[in-house]
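Chemist: Here it is, the structure in full.
Readers should treat all values here as calculations from the given coordinates under stated rules, not as data from a laboratory. What you see is a predicted model, and the numbers here were worked out from it, not measured in a lab.
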């Protein structure tokens with residue numbers, strides 16, 4: 001089983017893990033900017049979007065898939081950046097395969113349980129039928145009211161990346177079950193990778209309280225809130241969110257002297 005994946009850039013590997021039922025195409029608007037600083041690896045979850053196989057029904061299995069992809073690509077260790085449901089996968093990856101994770105970034109995500117996002121039956125049906133247009137479910141939940149009001153054309157453009165390569169109904173059901181049964185509340189204290197928790201200030205899908213809890217319970221984690229941004233803060237405020245990530249990396253995960261010297265000579 002081969003996961004659909006793409007690699008861009010050079011430098012320290014950065015495994016980017018996408019969210020619920022969404023292909024890695026969602027990173028297209030910003031991936032080239034990140035690739036100026038990292039070797040970015042983005043992929044579609046097993047059984048969804050462009051990846052084959054049977055969709056897993058647990059975050060543990062999705063995390064094992066991520067570790068296997070790193071092995072297949074001969075990457076012993078990487079920074080791991082999971083967004084939304086991808087942040088749940090990233091937590092499991094860091095817990096189950098701690099030696100594979102150099103730095104952990106948890107974006108707009110949750111430890112599960114009462115802090116997990118809730119979607120109603122009508123929303124689920126709309127997603128299963130492909131109802132992901134700008135006026136439907138996704139835009140109000142993804143972006144802040146101000147961004148949708150002031151940059152409507154940009155919202156319409158960005159939503160197209162969320163609707164690209166739609167996942168089959170089986171993957172929607174499997175990932176919904178995995179999300180509903182996921183919880184790391186009792187295990188967060190075991191995380192040892194340097195961790196940055198990021199969240200949009202105006203996130204309507206996952207409460208900011210979830211990231212505050214993650215940052216409080218993960219040893220020595222930092223919380224970075226993107227001012228005024230919604231759930232898809234990395235797309236809504238690309239420069240600000242990337243700047244927060246790079247600042248954290250420079251402070252907490254300085255590159256080896258030899259690598260930094262080579263980078264400065266480029």
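Chemist: How big is D for segment 5-260, in µm² s⁻¹ as a whole number, if Stokes-Einstein is applied with the Kirkwood radius of its Cα pairs at 37 °C and 0.692 mPa s?
Modeler: So the translational diffusion coefficient is about 182 µm²/s.
Chemist: Could you work out how much longer the chain between residue 75 and residue 96 gets when fully extended? Use 0.36 nm per residue separation minus the Cα distance between them, nm to one decimal.
Modeler: So the extension gain works out to 5.9 nm.
Chemist: What does the helix-only formula give at 222 nm for the chain: each DSSP H stretch with n ≥ 4 adding -39500 (n - 2.57), the total divided by the residues, and the result rounded to the nearest 500 deg cm²/dmol?
Modeler: -12500 deg cm²/dmol
Chemist: Determine the gain in length on full extension of the stretch residue 247-residue 68; use 0.36 nm per residue of separation and subtract their C-alpha separation, reporting nm with one decimal.
Modeler: Difference between extended and current length: 61.5 nm.
Chemist: Over the alpha-carbon set of segment 11-92, divide Rg by the Kirkwood Rh and report the Rg/Rh ratio to two decimals.
Modeler: Reported Rg/Rh, Kirkwood definition of Rh: 0.94.
Chemist: Restricting to Cα pairs below 8 Å that are 6+ residues apart, what does the relative contact order work out to for the chain? Please round to a whole percent.
Modeler: That works out to 20 percent.
Chemist: Could you calculate the contour length gain from residue 222 to residue 180, that is, 0.36 nm times the residue separation minus the distance between their Cα atoms, to one decimal place in nm?
Modeler: That works out to 12.5 nm of additional length.
Chemist: Another question, if that's okay. So for segment 5-260: antiparallel DSSP bridges make up what percent, rounded to the nearest 5?
Modeler: The antiparallel proportion sits near 20 percent.
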